[in-house]
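Please read the structure below before turning to the comments.
The values are calculated or read from the model by the stated rules, or taken from the named source; none is laboratory data. Nothing here was measured: the structure is a model prediction, and the numbers come from that model. Here the Cβ is made from the backbone with ideal geometry for all residues, glycine too, and neighbour counts use every protein chain on show.
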Amino acid sequence: MTSSAPAARALAPAGVRATARVTARPDGRGGTALPVLQGEGPLALRRTRAAGPAAHVLLVGAMSGPLGGDHLTVEAATEPGAHLRVGSAAATMALPGQGEASPEARYDVRLTVAADSTLHWLPEQLISVRGSALHVTTRADVAEGGHLILREEQTLGRTAEPPGLLRSRLTVRHADRVLLDQELACGPGAPAGWDGPAVLAGHRAVGQLVVVSPEFRTNPPAAAVLGEHATLTPLAGPGILVTAVAPDGLRLRRILDEARERWT
Amino acid sequence: MSRAALLILADGRFPAGGHAHSGGAEAAVKAGRVTGAPSLEDFCRGRLHTTGLVSAGLAAAAALGADGRAALDEAVDAHTRSLALRTAARKLGRQLLRAGRATWPSPELDALARAFPKGAHQPVVLGTTARAAGLGPADAAYCAAYETVSGPATAVVRLLGLDPFEATAVLARLGADLDEVAAAAVRAAHRVPEEGLHALPAASAPLLEIGGEAHAAWPVRLFAS
């Protein structure tokens, strides 16, 4: 590109690139230290007070977004013996970028869970706002003997608003095997049928809870129906998955919270 | 490649046990989400672009002879959240393998049967069977995609007493979507040697997975899944 006129630069999609990182390690006194706790740009990380062996971290959005063109990455890792719990201070809103044809935003989450460690990844919901386009990828790698509790909630549009385009892929690996690899696309521009009777049928909130634990290797829970639109299913390995759709985010949370209390 | 072999494999009367499965339609009818031809079409379109695309990608990859059918089989497990649907896919795979080995005897099908005594997943068997029949990845993808919609359409004729002409017209209206899904599946399958199995589509349909698990718990049902 040779176009370097100021006007052209102002119009060019100037997305934010930012990565936040947290690493948890045993502190040698029965607790967990955070040798890496590093935010960037719109992603800030804060350690919060907590009793018990786990370190608690909150992801604080220092700016709104992601907006079209942004590429945000969050990496959380536990070392053997560490216990980490990551939440977020508020819902994440996928927002449109500037201009008619703003490019898709990306949000990548990379979780690494070592043996004998625990990672709770419990962010607040992701809201796909009208006119936005976001591609989320979440990849969790759990070593043999590691514990992962992962919650993912997506709400399509703010109240009574049509959603933007939201594409998300969740991949959970345990040891050398892929336990779960799922993609969901919703909103304008998603493949036809996404809101039809096979996929969402008008529900505006969709979520899942994944629990990987060595205990499930010997004692996996049986598949169960948790309500009209929620089920628990054992994965092909030491993990379970709760899948739910609901009319809104509040009712979705209730289902996933009940499941979390029961199976973690 | 033989067009005749494609007709035999894609024929609903090919004795592979598919007629006993509704592809999630029985649960959707019971929930009141499928009530006639228009909602059947929406249902089928949604299933085609999710489950259908995933199955077509896996079948195409298997038809290409991607080594490591065990890895493909594992990918089906990862792409299918519902245990009930994973069980159904293995059962269908076992039945198809029996029919396929009798129809197009091949060392690859024999090896698949030895490697998976409890049954390999249906799309993996379908792709391998297509290969044994001298067909290519696009044929396998079309077969997989088509049966994700023909199953529900036929089932709804029985479940709702829908006019079979209307059900068949629904399938005809899905033609462009079928072409699109089969083409995407084949493109993805060709990327597997370079990018690995993550290149294959992983599209999911939450209500199909939830309904599949709930349906398996019903005491009385017309279809197996």
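Just give me the residues in segment A:140-183 being in a loop (DSSP other than H, G, I, E, B), touching a His at 6+ places or on another chain (Cβ under 9 Å) and either facing chain B (nearest Cβ under 10 Å) or of a type in the set (G, A, S) (or both), in sequence order. Give the derivation first.
First pass over segment A:140-183, keeping only residues in a loop (DSSP other than H, G, I, E, B): A:143-146, A:157-164, A:175-176.
So of that shortlist, the ones also touching a His at 6+ places or on another chain (Cβ under 9 Å) come out as A:143-144, A:146.
Result: A:A143, A:G146.
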Report summary line: If we ask which residues in segment A:206-225 are surrounded by 17 or more Cβ atoms within 10 Å (Cβ to Cβ), facing chain B (nearest Cβ under 9 Å) and not in a strand (DSSP E or B), their number turns out to be 1
Query raised in the report: So, in segment B:142-152, of the ones that are in contact with a Leu (Cβ under 9 Å, 6 or more places away or on another chain) and small (G, A, S), which residue ends up surrounded by the fewest Cβ atoms within 10 Å (Cβ to Cβ)?
Result: B:S150
Report task. Identify the residue in segment B:61-90 that is farther than 17 Å from B:A145 by Cβ and among the polar types (S, T, N, Q) and, among all such residues, is surrounded by the fewest Cβ atoms within 10 Å (Cβ to Cβ). Result -> B:T87
Query raised in the report: Looking at segment B:32-48, which of its residues are more than 8 Å from chain A (Cβ to nearest Cβ), in contact (Cβ under 8 Å) with a residue 40 or more places away in the chain and over 21 Å from B:E180 (Cα atoms)?
Result: B:T35, B:G36, B:A37
**Report entry** Residues of segment B:98-108 satisfying the condition of being in contact with a helix residue (DSSP H, G or I) (Cβ under 7 Å, 6 or more places away or on another chain) and either crowded, with 22+ Cβ neighbours inside 10 Å or in a loop (DSSP other than H, G, I, E, B) (or both)
**Finding:** B:G100, B:W104, B:S106
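Can you confirm whether segment B:69-92 contains a residue that is away from every other protein chain (no Cβ under 14 Å) and not in a helix (DSSP H, G or I)? Write out each step before concluding.
Within segment B:69-92, the subset away from every other protein chain (no Cβ under 14 Å) is B:69, B:91-92.
Add one more test, that the residue is not in a helix (DSSP H, G or I), and what stays is none.
So far as segment B:69-92 goes, no, none of its residues is away from every other protein chain (no Cβ under 14 Å) and not in a helix (DSSP H, G or I).
Kindly provide the set of residues from segment A:154-177 that are surrounded by 22 or more Cβ atoms within 10 Å (Cβ to Cβ) and either over 17 Å from the mean Cα position of the chain (by Cα) or aliphatic (A, V, I, L, M) (or both), ordered by number. Step through it out loud before you land on a result.
So in segment A:154-177, the residues surrounded by 22 or more Cβ atoms within 10 Å (Cβ to Cβ) come out as A:154-156, A:163-164, A:166, A:170, A:172, A:174.
Within segment A:154-177, A:L156, A:P163, A:G164, A:L166, A:L170, A:V172, A:H174 meet the criteria.
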Requested in this report: Scan segment B:113-120 and give yes if some residue there is buried (at least 18 other Cβ atoms within 10 Å of the Cβ), modelled with pLDDT of 95 or more and within 18 Å of B:G18 (Cβ to Cβ), otherwise no.
Outcome: no
Requested in this report: Filter segment B:167-216 down to residues that are within 13 Å of chain A (Cβ to nearest Cβ), in contact (Cβ under 8 Å) with a residue 60 or more places away in the chain and exposed (fewer than 14 other Cβ atoms within 10 Å of the Cβ), then give me how many there are.
Outcome: 1
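Out of curiosity, is A:R151 farther than 18 Å from A:G237 by Cα, surrounded by fewer than 19 Cβ atoms within 10 Å (Cβ to Cβ) and either at pLDDT 95 or above or not hydrophobic (A, V, I, L, M, F, W, C) (or both)?
no
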Query raised in the report: Taking segment B:14-31 as the search range and keeping residues that are at pLDDT 95 or above, under 17 Å from the mean Cα position of the chain (by Cα) and not in a loop (DSSP other than H, G, I, E, B), which one is nearest to the other protein chains (Cβ to nearest Cβ)?
Result: B:A25
Query - Residue list for segment A:226-252, filter: crowded, with 23+ Cβ neighbours inside 10 Å and over 28 Å from A:L166 (Cα atoms) - result: A:P238
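For segment A:89-98, what are the residues that are closer than 20 Å to A:P163 by Cβ and surrounded by fewer than 21 Cβ atoms within 10 Å (Cβ to Cβ)? Please lay out each step first, then the result.
Of segment A:89-98, the ones closer than 20 Å to A:P163 by Cβ are A:90-98.
Within segment A:89-98, A:A90, A:A91, A:M93, A:P96, A:Q98 meet the criteria.
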